[in-house]
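Structure record follows, encoded as structure tokens.
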Amino acid sequence: MDSVYSINIERAVLSSILFNPEELEDVLGVLKEKDFYLPAHQKIFEVMVKLHNDQMPIDEEFIKRRIDSKDVDDSILLEILSANPITNTLAYVREIKDASVKRELTTLATTIKKVSLEDDVSGNDALDVVQGELYKISTDSATTELKDMEDITEDTLSYIQRMKELGNKHLIGETTGFYDLDKKTTGFNEGDLVILAARPAMGKTALVLNMALANVEAGKGVIFFSLEMPAEQLMLRMLSAKTSIHLQNLRKGDLDDNQWSNLTAAFEDLNKKKLFVDDGGSVNINQLRARVRKLAQNEDNKISMVVIDYLQLMQGVGNKDRHQEVSDISRGLKMLAREMKIPIIALSQLNRGLENRPDKRPMLSDLRESGSIEQDADIIMFVYRDDVYKERDEARKEKEAKDKGEEYKSTFVNKPVEEAEIIIGKQRNGPIGTVKLDFQKQLTRFVDKENNNDAPIEVVFETIADTNKETNIEVPNIL
């Protein structure tokens, strides 16, 4: 038997469906028409599926009615009808799928040669093409078996028992770094795609940095894709949050001896942590996937979270309209989160139309290209600070009064600490609602309300697939 196709096996499977049409349901879970090697077999399978969808009989007569004799010779259909019956159809189906994957890999090998030697493209572009094609093959070849109720109830009971053994702790995923937000979400769990969205200047980058720092301080590995800000600027913000030194002072190097001492200690501590930053400024889903996989292969890195700042700056693959590109990126991030069994947090922009509303608190429909993002995300959170709009409104009134030669005295007070709302607009496995934090502007740091950041949070670093013992830590005061 040729390793990349077997006409006899294809014929046997089609014959099995003809004599027992109910088997098509199982076959459809694995095969597509392109998985058949012989074009005539592809056409016959396509017609079988159409008859099935139209609730029509799958037999010789109806197949002949829908197939052009130019596409399929009668002798081929006769050979299928004459094939010996088989008992284990799925075993034959897996052989067809295996051969199909090998043919696709052979085609990919030709593509690699073409783009690397013949086409006038850069090495990076060629790599993107190859990674994209390989990803299509890997996802298309993935198959899962249906679980029956006995398996599902057993797995579910096992999960509940493990949660009971943990003492009903409110945190079972990776910590957000904030007590009330952890209670509301149980943390970010494996396979979660988390969207954190806000209008400019609300502090979404600062918030996600605080989340990343909380996990890094707990000994976890975090990968941060910064598509807008250099790594050095991210580090300045993180150091400000960690040391309580004003960001502007760090930028100017205006530090006293005590601050220098604290900064040196912070550097020494962070040097031992596992934060990986990609600040190249542009990345597509294939490149991001490859880099995450590479770092995660080293178990010493303990990758527990991936952050993308921000989703709309990611590049598409291929010549597609932007809406389709964002859909592919969003779906790709969700699939990567499930594959790696870690949460992925992607920052997102919001449409400016919300600023025309009296109540400017964001909602799901404010997401840019919201359809695919809203569908793929497990959690969607918005950052909202009312004082940002109050300050802008007062500045506008002062300007208008000045232009008219009038005097306007604003009552707005620019406070160093402002209240922020983290609005959970969607949570697939939990409640929606609002969690209030304080935003310390000079430190670009979010903290729990009423100094709850000093209170210990019982953190359980366990997922459903990981039964390690619980670990209790204190959330650092720096957050």
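Quick check, is MET211 surrounded by 12 or more Cβ atoms within 10 Å (Cβ to Cβ) and at pLDDT 75 or above? So MET211 fits the description; yes. Taking ASN429 as the residue in question, decide whether it is polar (S, T, N, Q) and over 36 Å from the mean Cα position of the chain (by Cα). No, not satisfied.
Select from region 349-370 the residues that are surrounded by 14 or more Cβ atoms within 10 Å (Cβ to Cβ) and without any contact (Cβ under 8 Å) to a residue 12 or more places away in the chain and list them in ascending order.
From region 349-370, those surrounded by 14 or more Cβ atoms within 10 Å (Cβ to Cβ) are 349-351, 354, 360-364, 366-370; that's our starting set.
Selection gives SER370 alone.
Before we move on, is LEU239 part of a helix (DSSP H, G or I), touching a residue at least 12 places away in the same chain (Cβ under 8 Å) and either of a type in the set (A, V, I, L, M) or under 19 Å from PHE446 (Cβ atoms) (or both)?
Working: part of a helix (DSSP H, G or I): yes; touching a residue at least 12 places away in the same chain (Cβ under 8 Å): yes; either of a type in the set (A, V, I, L, M) or under 19 Å from PHE446 (Cβ atoms) (or both): yes.
So LEU239 fits the description; yes.
For LEU18, are the conditions met, namely being surrounded by fewer than 19 Cβ atoms within 10 Å (Cβ to Cβ) and either of a type in the set (A, V, I, L, M) or under 19 Å from ILE137 (Cα atoms) (or both)? Talk me through it step by step, then tell me what you get.
Values: surrounded by fewer than 19 Cβ atoms within 10 Å (Cβ to Cβ): no; either of a type in the set (A, V, I, L, M) or under 19 Å from ILE137 (Cα atoms) (or both): yes.
Considered against the rule, which asks whether it is surrounded by fewer than 19 Cβ atoms within 10 Å (Cβ to Cβ) and either of a type in the set (A, V, I, L, M) or under 19 Å from ILE137 (Cα atoms) (or both), LEU18 comes out as no.
Of the helices (runs of 4 or more DSSP H) lying entirely inside region 1-90, those containing at least 2 residues that are modelled with pLDDT of 80 or more, in the same structural domain as LEU105 (by TED's automatic domain parsing) and over 41 Å from the mean Cα position of the chain (by Cα) are 7-19, 60-66, 74-82. Restricting LEU347, LEU311, LEU336, LEU275 to those that are more than 18 Å from the chain's Cα centre (by Cα), outside the structural domain of LEU134 (by TED's automatic domain parsing) and closer than 16 Å to ILE223 by Cα reduces the list to LEU275.
If I go through region 1-30 residue by residue, how many of them are more than 20 Å from LEU81 (Cβ to Cβ) and hydrophobic (A, V, I, L, M, F, W, C)? Spell out how you get there, then give the answer.
First, pick out the residues of region 1-30 that are more than 20 Å from LEU81 (Cβ to Cβ): 1-5, 25-26, 28-30.
From what's left, hydrophobic (A, V, I, L, M, F, W, C): 1, 4, 28, 30.
The number of residues fulfilling the criteria is 4.
SER304 - would you say it is part of a loop (DSSP other than H, G, I, E, B), touching a strand residue (DSSP E or B) at 6+ places or on another chain (Cβ under 6 Å) and touching a residue at least 40 places away in the same chain (Cβ under 8 Å)? Spelling it out, it is not the case that SER304 is part of a loop (DSSP other than H, G, I, E, B), touching a strand residue (DSSP E or B) at 6+ places or on another chain (Cβ under 6 Å) and touching a residue at least 40 places away in the same chain (Cβ under 8 Å).
I'd like to check something: does region 216-226 contain any residue that is free of Cβ contacts under 8 Å to residues at least 40 places away in the same chain and assigned to a helix (DSSP H, G or I)? Explain how you work it out, then say what you get.
In the first step, residues of region 216-226 are kept if they are free of Cβ contacts under 8 Å to residues at least 40 places away in the same chain; the result is none.
No, the conditions are met nowhere in region 216-226.
Within region 17-44, residues that are free of Cβ contacts under 8 Å to residues at least 24 places away in the same chain have Cβ atoms under 7 Å from residues that are of a type in the set (S, T, N, Q) and surrounded by fewer than 19 Cβ atoms within 10 Å (Cβ to Cβ) in these pairs: GLU33/GLN42, counting only partners at least 6 apart in sequence or on another chain. Look at (1) over 18 Å from ILE223 (Cα atoms); (2) in contact with a strand residue (DSSP E or B) (Cβ under 9 Å, 6 or more places away or on another chain) and you find that TYR389 fails only one, number (2).
Checking each residue in region 279-309 for being crowded, with 18+ Cβ neighbours inside 10 Å and touching a Ser or Thr at 6+ places or on another chain (Cβ under 7 Å) picks out only ASP309.
When PHE276 is tested against the conditions (1) assigned to a helix (DSSP H, G or I); (2) of a type in the set (Phe, Trp, Tyr); (3) within 30 Å of GLN315 (Cβ to Cβ), the lone failure is (1). Across region 323-333, the number of residues qualifying as within 10 Å of the chain's Cα centre (by Cα) and not polar (S, T, N, Q) comes to 4. Answer yes or no as to whether ILE373 is among the β-branched types (Val, Ile, Thr), in contact with a Ser or Thr (Cβ under 6 Å, 6 or more places away or on another chain) and either under 30 Å from ARG338 (Cα atoms) or surrounded by fewer than 12 Cβ atoms within 10 Å (Cβ to Cβ) (or both). Criteria met by ILE373.
The values are calculated or read from the model by the stated rules, or taken from the named source; none is laboratory data. Remember, it's a predicted structure, so these values are computed and weren't measured experimentally. Cβ: placed from backbone, ideal geometry, glycine included. Neighbour counts: every protein chain shown.
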